[in-house]
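Since the structure comes first, as structure tokens, the remarks are kept for the end.
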Amino acid sequence: MSTPPEIDTTVPHSARVWNYLLGGKDNYPVDVAAGDRICEVFPGMVDITRHSRHMLSRVVRYLTAEAGIRQFLDIGTGLPTVDNTHEVAQRVAPESRIVYVDNDPLVLVHARALLSSTPEGATDYIEADVRDPDRILAEAARTLDFDRPVALMLMGIMGLVGDYDQARAIVDRLMAALPPGSYLAVYDGSDTDSAYVEAISRYNAGSGAVPYTPRSPELIAGYLSGLEMLEPGVVSVSRWRGEPNPWGEAPEVACHGGVARKN
């Protein structure tokens, strides 16, 4: 990279706010302030970030270990943290190939961490917006073989597309390019908790960042329409095939997701 990317530190970015809420260090004061404003209204935001991250790990483990997937297209990946998609996948199947996509220049700065890979596998990073699926597919084809099944990961990203019909069209365009046997994994913030919705509303109004739109579990399930839904369907991320624990069922959090297969 001949010239460093320009990073706007005056406006919060969702990837950096998420990094802060997960306890990371790759953020700026404007991101910390935005995250703190959310937590003042909705202290449970940290639980959402952690439970959603754990769901991602469980999804990738399932897709590699049980579904036999060896290719992942992870859009809206955010900043590197614990158990990135390639790390989880390549622990199970070292030959796995992963393409990450994000539009935050700070993620590009950290791409070297994302691009680590086993010798047998491969990782790549594309700086692009989810609203440009054709560009994403064209560039991802350098690393992924679209004649073989691919897992499309849209984890916490589609809420940044304000128009639901546009969001559905983006998902449909991406899935149309993938062969039978591919999977779609998605989660997004849901409107199931009024305190969470209020916190996001205040974040949208006061931050200057790209607004985020919580949606109903039914609308989130709409992204998976026409595909074969895996059990347990679209549920709170804390309850998607969660590991049993002695304290009982995991708490419901205002973030819902699911996984489905293209036949």
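In the condition set (1) in a loop (DSSP other than H, G, I, E, B); (2) modelled with pLDDT of 85 or more; (3) not aromatic (Phe, Trp, Tyr), Ile220 is compliant with all but (1).
Within the set Ile48, Ile69, the sole residue that is of a type in the set (A, V, I, L, M), under 25 Å from Pro251 (Cβ atoms) and touching a strand residue (DSSP E or B) at 6+ places or on another chain (Cβ under 9 Å) turns out to be Ile48.
When residues in the range 210-233 are screened for being within 19 Å of Ser14 (Cα to Cα) and open to solvent by 50 Å² or more (accessible area, probe 1.4 Å), 2 of them pass.
Among the residues of the range 149-186, those that are among the charged types (D, E, K, R) and not in a loop (DSSP other than H, G, I, E, B) comprise Asp165, Arg168, Asp172, Arg173.
Restricting attention to the range 1-36, the residues being modelled with pLDDT of 80 or more and open to solvent by less than 20 Å² (accessible area, probe 1.4 Å) number 8. When the residues of the range 107-121 are filtered to those that are buried (at least 16 other Cβ atoms within 10 Å of the Cβ) and either in contact with a helix residue (DSSP H, G or I) (Cβ under 9 Å, 6 or more places away or on another chain) or among the charged types (D, E, K, R) (or both), the one that is farthest from Glu139 (Cα to Cα) is Thr118. Provide a single number: the residues in the range 240-262 that are touching a helix residue (DSSP H, G or I) at 6+ places or on another chain (Cβ under 9 Å) and either modelled with pLDDT under 95 or not in a strand (DSSP E or B) (or both). Summing the residues that are touching a helix residue (DSSP H, G or I) at 6+ places or on another chain (Cβ under 9 Å) and either modelled with pLDDT under 95 or not in a strand (DSSP E or B) (or both) in the range 240-262 gives 11. Determine whether the range 187-198 contains at least one residue that is modelled with pLDDT of 95 or more, crowded, with 22+ Cβ neighbours inside 10 Å, in a helix (DSSP H, G or I) and within 17 Å of the chain's Cα centre (by Cα). Looking through the range 187-198, none of the residues is modelled with pLDDT of 95 or more, crowded, with 22+ Cβ neighbours inside 10 Å, in a helix (DSSP H, G or I) and within 17 Å of the chain's Cα centre (by Cα). Within the range 86-106, the only residue that satisfies the criterion of being polar (S, T, N, Q), modelled with pLDDT of 90 or more and open to solvent by 10 Å² or more (accessible area, probe 1.4 Å) is Gln90.
On the basis of being part of a helix (DSSP H, G or I), among the β-branched types (Val, Ile, Thr) and open to solvent by less than 40 Å² (accessible area, probe 1.4 Å), does Ile136 make the cut? Taking the combined requirement at face value, the residue satisfies it. For Val82, the test of being open to solvent by 10 Å² or more (accessible area, probe 1.4 Å), β-branched (Val, Ile, Thr), closer than 21 Å to His54 by Cα and modelled with pLDDT of 95 or more is failed.
The values are calculated or read from the model by the stated rules, or taken from the named source; none is laboratory data. In this text, all values refer to a predicted model and were calculated from it rather than measured experimentally. No Cβ is skipped: glycine too gets one built from the backbone with ideal geometry, and neighbour counts run over all protein chains shown. All accessible areas refer to the heavy atoms of the entire protein, side chains included, with ligands and DNA or RNA removed. Shrake-Rupley method; radii C 1.70, N 1.55, O 1.52, S 1.80 Å.
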